[in-house]
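Peer 1: Before we start, here is the structure in question, set down as structure tokens.
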Amino acid sequence: MISDRSRRLVLCAVIFCDMLAFSLVIPSLPGVVQDFGGAGLALGLVFSGYSLAQFIAAPLLGRLSDRIGRRQLLLLALPGSVLSLGLSALATSLAVLLAARVLAGFCGGSISVAMAMLADSSDAKSRTRIMGMGGASVGLAFTIGPALGALFAGWGFAALCLIGAAIAAATLAAAFFLLPTQSPAAAKAGGAGQPMGGSFLRLLAITGLSMLMFVGMEATLGLFVEERFAWGADRLGWLLALAGLSYVLVQMSLVWRLADKFGEWPVSAGAALLMAGALVLVPFAGPATLIAGIVLIGASQGFLTTLTTSLASRMASAGAVGQHVGANQAVSALGRVLGPALAGLLYDAGPLLAYGAMGLFGLAAAALALRNGAENEGRLALRNR
């Protein structure tokens, strides 16, 4: 039986490698879609198909993991990553490529299972720090994977897919041999779904709003920097890399320290306000100010991703952790589906409207976090009487 610490390290490695295998092919997707005769709509479907499938799968897999155990379900989902990348390598049409991406999204819902396993291996005091490790694993994979995919794009799309499939297969083998046969959750799962109250629904709204803001920035930033500064794809890539790096760094070192000191809800509200302020200032920013703003936006999203995942697991009973973490992951995926389209529509009316609306989303998220924090303080006061 391996220790909780070893289990957490294995889980973080599984999360990182699974997302690395997936993200490796992202830079080559636009060219492949064009080769198959597709244009902007087709490319949008190929990208959003993954998130939409994850939106459907994450709560189902999370709730099912409460019933049959996390490890079993994770080992059922990971082979799908291998299959989806192999299918992508063999794709000869847009339909096949889209089917492979949808399959990858369904299997990508297993991230909620892995995150629930991390929650199982932690106590209340260490929960935020440990969930930050899982979030950092995802962020690091999405920082390194596309960079490697761009560096080795000359090898061809099929070759990158096969490399990704090999990484996914190695991840499956590691999970099979290194994760314990019986996960702690399997013994605790009660099998019945837990009703989701108003506090949890507000938490889901915070998750969705923060993702709408972040991906809205990602989707429109290229247009903004080209129009304002005549910056091309290379500088855009560096800006997004800075956002990704700040996202990872706060999850690895800062978020749990501030949460321990000030509380998770106040820090969530502060992060939402910080992101809102940075977004509102984007249309007025010069080059240096823009770079600082993008770093702040990435860091704020790192805080919010970790805290909402941690809070989702803490707000669940012992037998419904997977259900709650899966629901939170699903809303995040829905934000990734809707965010680019909504931000793009608003941007067509002007950067001020687009970034101003995203700032309002941040204010709403902060208000919801403060409401939940006040409600939680009220419960504690009543309990202490």
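The values are calculated or read from the model by the stated rules, or taken from the named source; none is laboratory data. What you are looking at is a predicted structure, and each value in this text was computed from that prediction instead of being measured. So basically every Cβ, Gly included, is an ideal-geometry build from the backbone, and we count neighbours across all protein chains shown. When the accessible area is computed, the model is the full protein with side chains, heavy atoms only, and any ligands, DNA or RNA have been set aside. Shrake-Rupley method; radii C 1.70, N 1.55, O 1.52, S 1.80 Å.
Peer 1: In the set 59, 30, which member is within 22 Å of residue 161 (Cβ to Cβ) and not in a loop (DSSP other than H, G, I, E, B)?
Peer 2: Criteria check complete, one pass: 30.
Peer 1: How many of the residues making up segment 153-206 are at pLDDT 90 or above, closer than 23 Å to residue 376 by Cβ, of a type outside the set (Lys, Arg) and in contact with a helix residue (DSSP H, G or I) (Cβ under 9 Å, 6 or more places away or on another chain)?
Peer 2: So the count comes out to 6.
Peer 1: Something else: Looking for something farther than 15 Å from residue 333 by Cβ and under 18 Å from the mean Cα position of the chain (by Cα) - is there at least one such residue anywhere in segment 69-76?
Peer 2: Yes: one or more hits.
Peer 1: With respect to residue 153, determine if the residue is in contact with a Pro (Cβ under 8 Å, 6 or more places away or on another chain), surrounded by fewer than 21 Cβ atoms within 10 Å (Cβ to Cβ) and more than 29 Å from residue 5 (Cα to Cα).
Peer 2: yes
Peer 1: Determine if segment 107-114 includes at least one residue that is open to solvent by 20 Å² or more (accessible area, probe 1.4 Å), in contact (Cβ under 8 Å) with a residue 12 or more places away in the chain and under 21 Å from the mean Cα position of the chain (by Cα).
Peer 2: No, segment 107-114 contains no residue that is open to solvent by 20 Å² or more (accessible area, probe 1.4 Å), in contact (Cβ under 8 Å) with a residue 12 or more places away in the chain and under 21 Å from the mean Cα position of the chain (by Cα).
Peer 1: Here's a check for you: in segment 80-97, which residue that is small (Gly, Ala, Ser) and in a loop (DSSP other than H, G, I, E, B) is most open to solvent (accessible area, probe 1.4 Å)?
Peer 2: 93
Peer 1: When you go through 149, 109, 135, 139 one by one, which is the residue that is small (Gly, Ala, Ser) and touching a Phe, Trp or Tyr at 6+ places or on another chain (Cβ under 7 Å)?
Peer 2: Within the list 149, 109, 135, 139, the selection yields 139.
Peer 1: Further question on the same structure: Which is open to solvent by 50 Å² or more (accessible area, probe 1.4 Å), touching a residue at least 12 places away in the same chain (Cβ under 8 Å), of a type outside the set (Lys, Arg) and out of contact with any Ser or Thr (no Cβ under 6 Å at 6 or more places or on another chain), of 279, 245?
Peer 2: Going through 279, 245 in turn, the sole match is 245.
Peer 1: I would also like to ask the following. Within segment 317-328, is there a residue that is surrounded by 24 or more Cβ atoms within 10 Å (Cβ to Cβ), modelled with pLDDT of 90 or more, among the β-branched types (Val, Ile, Thr) and under 20 Å from the mean Cα position of the chain (by Cα)?
Peer 2: Checked segment 317-328: at least one residue is surrounded by 24 or more Cβ atoms within 10 Å (Cβ to Cβ), modelled with pLDDT of 90 or more, among the β-branched types (Val, Ile, Thr) and under 20 Å from the mean Cα position of the chain (by Cα).
Peer 1: Looking at 21, 13, 57, can you tell me which residue is within 20 Å of residue 143 (Cβ to Cβ), open to solvent by less than 10 Å² (accessible area, probe 1.4 Å) and not polar (S, T, N, Q)?
Peer 2: 21
Peer 1: From the list 77, 100, 42, pick out the single residue that is farther than 22 Å from residue 248 by Cβ, in contact with a Cys (Cβ under 8 Å, 6 or more places away or on another chain), part of a helix (DSSP H, G or I) and open to solvent by less than 50 Å² (accessible area, probe 1.4 Å).
Peer 2: Every option except 77 fails the conditions.
Peer 1: What number of residues in segment 248-266 are open to solvent by 20 Å² or more (accessible area, probe 1.4 Å), under 19 Å from the mean Cα position of the chain (by Cα) and of a type in the set (A, V, I, L, M)?
Peer 2: Count: 3.
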